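Worksheet: one structure, shown below.
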Amino acid sequence: MASWKGRDILSIRDLSRPDIEAVLKAARKMVPVAEGTKASRSLEGRILSCLFFEPSTRTRLSFESAMLRLGGRTLGFASPEGTSIQKGETLADTVRMVESYSDVIVLRHPHEGAARLAAEFTEKPVINGGDGAGQHPTQTLVDLYTIWDEKGDLEGQRIALVGDLKYGRTVHSLAYAVAQFGVSLTFVSPPGLEMPKEIVGQLKEMGASIAATHRLEDVIRTSDVLYVTRIQKERFPDPQEYEKVAGSYRVDLAMLREAKKDLSVLHPLPRVTEIDPAVDATPHAKYFRQAANGVPVRMALLEMVLGVGG
Amino acid sequence: MRELRVTPIKNGTVIDHIPAGMALKVLKILDIGGSVSSTVTVAMHVPSKAMGWKDIVKVEDRELSPREVDKIALIAPRATVNVIRNYNVAEKHVVRMPDRAVGILRCANPNCITNLREPVETEFTVQAGEPPRLRCRYCDRDLEDIPAAIV
């Protein structure tokens, strides 16, 4: 396991299985602090910069909450409007400037590779809060934590990834991460939005057990985890076709009657129509829990890269 | 009398075993346009024992930089570079596929951070093969059309 202090968190692929396990265990210890039932001042005197070159409410607020709960402070911007970026400043220059104002940087950017570039221009740890259609490693860690916490283990779980598997970046990162843990994966997508062959090939090389289907009905009885993602309207030239496809990947009460009692339904949120709101009241619904898990997971990461606790 | 298609050169470089059809890309890599002052000879679709068909480029009074050789390796992995001095082959080497391609390709992903005005060189990891597989170190995408991406 590489040393954590000062480490950049840029892509889930940079994290080994022991690395991921270390984050999950540290996150669990953070839960009482994240919920406000236990106090911590472990990051007192430390400053987190949140550089959000595009808005992302959930990611930004969960990072800020994580830092504040640990006694640290945050600064930054929630969107580039009104900053020097609009005057044409390069990302490299922005990062060099911010380096002297803070101890750790979280970056959200509309362009792929932005976090890796930023990390090259600062000695301070950079955490990728999502770059374009690229990586979003902290989201993946939150997903992993949720499965691990709900199921007690990742090993051996039957996980179905549902929705737009072609363009959905969260499912790509999640698939790579869980492939290291000996899970059985089934990809459920509309025709034309299947998991890219290149990724399927790499997952098989990693030794993952992989199946694919176009029908949600095929996996509902056997799955331990249903990871549902949004199917975007823009992917379909014909709105009627979209309605038809979206309808057939909708998780509702009737469908869940067939499911295992302890099936967990996850969703990175925001959802549109993929999960019927009636599902929220069932024990299957774990997506709000998943969103809440964003705070302890990010607390754990902040402590680790700042070399505190552990 | 038999006519010589390609005459020997006194000083310069002969790039042999270029895949058929790639000679013009090699000229582009070497930035050979209308303004060169020496003789450039291009042979396209020449029979080859090893390759079936091949292209050859001869450039007089010029030796290649390592960066140019790396670029050629990416589109012609089996090319040989012969350095000619005083009509003799002074050096002969097969191009070597670099492990990393730094600053010689543009990322084809328009949304890649390296296509913005940032002070960095592009960098691709190279997995040998024909064609080689190149992955952008920044955006993680594979480069499909290598000849088109050479800068």
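The values are calculated or read from the model by the stated rules, or taken from the named source; none is laboratory data. Values in this document were obtained by computation on a predicted structure and should not be read as measured data. For neighbour counting, all protein chains shown are included, and Cβ atoms are generated from backbone atoms with ideal geometry for every residue, glycine included.
List of remarks:
- Matching option when the condition is within 26 Å of residue A:290 (Cα to Cα), in a loop (DSSP other than H, G, I, E, B) and more than 14 Å from chain B (Cβ to nearest Cβ), among A:82, A:129, A:71: A:71
- Tally, over the range A:175-188, of residues that are free of Cβ contacts under 8 Å to residues at least 60 places away in the same chain and either under 21 Å from residue A:269 (Cβ atoms) or under 13 Å from the mean Cα position of the chain (by Cα) (or both): 3
- Some residue of the range B:84-102 being within 14 Å of chain A (Cβ to nearest Cβ) and on the phi < 0 side of the Ramachandran plot: yes
- Residues (closer than 22 Å to residue A:102 by Cβ and surrounded by 12 or more Cβ atoms within 10 Å (Cβ to Cβ)) located in the range A:15-45: A:23, A:26, A:30, A:33, A:34, A:40, A:42, A:43
- In the range B:123-149, residue farthest from the other protein chains (Cβ to nearest Cβ) [restricted to those that are surrounded by fewer than 18 Cβ atoms within 10 Å (Cβ to Cβ) and of a type in the set (A, V, I, L, M)]: B:148
- Matching entry among A:28, A:58 (being more than 14 Å from chain B (Cβ to nearest Cβ), under 30 Å from residue A:155 (Cα atoms) and modelled with pLDDT under 95): A:58
- In the range A:98-115, residue surrounded by the most Cβ atoms within 10 Å (Cβ to Cβ) [restricted to those that are away from chain B (no Cβ under 14 Å) and outside any loop (DSSP other than H, G, I, E, B)]: A:106
- The range A:274-291, residues that are surrounded by fewer than 18 Cβ atoms within 10 Å (Cβ to Cβ) and in contact with a helix residue (DSSP H, G or I) (Cβ under 6 Å, 6 or more places away or on another chain): A:278
- Of all the listed residues (A:279, A:297, A:265), the sole one being modelled with pLDDT of 95 or more, over 20 Å from residue A:63 (Cβ atoms), assigned to a helix (DSSP H, G or I) and of a type outside the set (Asp, Glu) is A:279.
- The single condition from (1) in contact with a Gly (Cβ under 7 Å, 6 or more places away or on another chain); (2) charged (D, E, K, R); (3) in contact (Cβ under 8 Å) with a residue 40 or more places away in the chain that residue A:155 fails is (3).
- All of A:161, A:68, A:141 fail the test of being free of Cβ contacts under 8 Å to residues at least 40 places away in the same chain and either outside the structural domain of residue A:246 (by TED's automatic domain parsing) or under 16 Å from the mean Cα position of the chain (by Cα) (or both), apart from A:68.
- Criterion violated by residue B:120 - all others in (1) within 14 Å of chain A (Cβ to nearest Cβ); (2) modelled with pLDDT of 95 or more; (3) surrounded by fewer than 16 Cβ atoms within 10 Å (Cβ to Cβ) satisfied: (3)
- Verdict on residue A:259 being of a type in the set (A, V, I, L, M), surrounded by fewer than 16 Cβ atoms within 10 Å (Cβ to Cβ) and either out of contact with any helix residue (DSSP H, G or I) (no Cβ under 9 Å at 6 or more places or on another chain) or in a helix (DSSP H, G or I) (or both): no
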